[in-house]
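**Student:** Quick one: this structure, given as structure tokens, is what I'll be asking you about.
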Amino acid sequence: MELRHLRYFVAIAETGSLTVAAEKKLYTSQPSLSRQIKDLEEQVGTPLLNRSSRGVVLTDAGKAFLDHARLALNQVEAAVAAARRAAQPAKQRFSMGFLTGQEMTWLPEAMRVLRAELPNIDVTVSSDYSPDLGEAVARGRLDIAFMRAEPDFDLTYRRVSKEQLVALMPSDHPLTARTSVRAKDLIGQPFIAMANKARVLRSVIDQYLEHAGVKITPSQLVDNPAMVMSLVASTRGIALIPSYVEPLMPWSVVSRPLADNAPTIDLVVGYSESNQSPILQLFLSHLDDLMASVGKAGV
């Protein structure tokens, strides 16, 4: 019994016709296909098909044989795929994560660092909230992430930039007339604060306001830069946010620097020391060059 016998039989069973199977699926003649099925039935020792002018119907033996024939063909396909994978080992994978919005700045240079290795590796990229990136790195789903230094994960953090916080406001807000905004200028304004998902940023903002002696009850809590800008425009509120969002602002939103010891927040790369990926080690060895390249670009 040969594999072609099984393929021919399955094709006939699926089409219900010797003629259709021969012409549409197997590209052979109907008489030749009939001979092949007759040979198969002789080897099995029992009829597998009942032939009539309306087509073919599987016998009980044929129905039982069909399941095993399909399984055998699937196993052969799996064996072929396994052999091909063994002949061409899978590429190493390297997964990078970015705090939403930061990929616009850092991804191009990160890919430049890996350029020489790109033919030999599969790179995947994702963007997310910082705590979710931290969990993904800790669980091994990401090799490295550009994120905040989240305190809840046993990761190693290396700072790649220090970002100034700026005040976002509607483009026609009275405070746009000023060259900078003081913390006390926020009193009485609708204030859009960071939700717990962005708690590292929220902590920096809360400390800034506390040191300035300003107490504000937020009108909205958000954790997504796009939502921050949308609410600033729609509610005429003010938000404090890292300056990396400035290139993303719509015309309806403007920014102003903060006066009086303006706060900053660190952007870090987070990774696990237990991750022995050679691609990760290569990436980390070029981290200083990466930071320099981004700095030259004016970030």
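**Student:** State yes or no: is Glu210 among the acidic types (Asp, Glu), more than 26 Å from Ala292 (Cβ to Cβ) and either surrounded by 18 or more Cβ atoms within 10 Å (Cβ to Cβ) or free of Cβ contacts under 8 Å to residues at least 60 places away in the same chain (or both)?
**Tutor:** Here the answer is yes, as Glu210 does meet what is asked.
**Student:** Give the stretch 71-94 a look and list any residue that's under 15 Å from Leu3 (Cβ atoms), among the polar types (S, T, N, Q) and at pLDDT below 85, or say none.
**Tutor:** Scanning the stretch 71-94 gives a single hit, Asn74.
**Student:** A follow-up question, please. For the stretch 36-54, what are the residues that are assigned to a loop (DSSP other than H, G, I, E, B) and not hydrophobic (A, V, I, L, M, F, W, C)?
**Tutor:** Gly45, Thr46, Pro47, Ser53, Arg54
**Student:** So Leu142 fits all but one of (1) part of a helix (DSSP H, G or I); (2) among the aliphatic types (A, V, I, L, M); (3) closer than 30 Å to Leu280 by Cβ; (4) in contact (Cβ under 8 Å) with a residue 12 or more places away in the chain; what number is the exception?
**Tutor:** Only one criterion in (1) part of a helix (DSSP H, G or I); (2) among the aliphatic types (A, V, I, L, M); (3) closer than 30 Å to Leu280 by Cβ; (4) in contact (Cβ under 8 Å) with a residue 12 or more places away in the chain is unmet by Leu142, namely (1).
**Student:** Helices (runs of 4 or more DSSP H) wholly in the stretch 203-299 with at least 2 residues that are more than 30 Å from Asn120 (Cα to Cα) - which ones?
**Tutor:** By residue number, 225-235.
**Student:** Kindly list the number of the only condition in (1) on the phi > 0 side of the Ramachandran plot; (2) modelled with pLDDT of 95 or more; (3) not hydroxyl-bearing (Ser, Thr, Tyr) that fails for Val268.
**Tutor:** (1)
**Student:** Which of the following residues is touching a Phe, Trp or Tyr at 6+ places or on another chain (Cβ under 7 Å), free of Cβ contacts under 8 Å to residues at least 40 places away in the same chain and within 21 Å of Asn261 (Cα to Cα): Ile238, Ile187, Ile216?
**Tutor:** Unique residue meeting the criteria: Ile216.
**Student:** Let me ask something additional. Tell me, please, whether a residue that is within 25 Å of the chain's Cα centre (by Cα), in the same structural domain as Thr217 (by TED's automatic domain parsing) and farther than 30 Å from Ser95 by Cα can be found in the stretch 238-245.
**Tutor:** There is no residue in the stretch 238-245 that is within 25 Å of the chain's Cα centre (by Cα), in the same structural domain as Thr217 (by TED's automatic domain parsing) and farther than 30 Å from Ser95 by Cα.
**Student:** Another one. Only residues that are in a helix (DSSP H, G or I) and either surrounded by 18 or more Cβ atoms within 10 Å (Cβ to Cβ) or of a type in the set (A, V, I, L, M) (or both): list them for the stretch 185-200, please.
**Tutor:** Answer for the stretch 185-200, where residues must be in a helix (DSSP H, G or I) and either surrounded by 18 or more Cβ atoms within 10 Å (Cβ to Cβ) or of a type in the set (A, V, I, L, M) (or both): Asp185, Leu186, Ala198, Arg199, Val200.
**Student:** For Leu231, work out the one condition from (1) surrounded by fewer than 17 Cβ atoms within 10 Å (Cβ to Cβ); (2) without any contact (Cβ under 8 Å) to a residue 40 or more places away in the chain it doesn't fulfil.
**Tutor:** All conditions pass for Leu231, except number (1).
**Student:** Another one. Restricted to the stretch 202-234, and to residues that are out of contact with any strand residue (DSSP E or B) (no Cβ under 7 Å at 6 or more places or on another chain) and among the β-branched types (Val, Ile, Thr), which residue is farthest from Tyr129 (Cα to Cα)?
**Tutor:** Val214
**Student:** Just the residues that are farther than 20 Å from Leu248 by Cα and touching a residue at least 60 places away in the same chain (Cβ under 8 Å), please, taken from the stretch 89-109.
**Tutor:** Listed by number, the residues that qualify are Gln92, Phe94.
**Student:** Further question: Residues of the stretch 164-180 being touching a residue at least 60 places away in the same chain (Cβ under 8 Å) and either touching a Leu at 6+ places or on another chain (Cβ under 6 Å) or small (Gly, Ala, Ser) (or both), which ones?
**Tutor:** Leu165, Ala167, Met169, Ser171, Ser180
The values are calculated or read from the model by the stated rules, or taken from the named source; none is laboratory data. None of the values given here were measured: they were computed from a predicted structure. We place every Cβ from the backbone using ideal geometry, glycine too, and count neighbours over all the protein chains shown.
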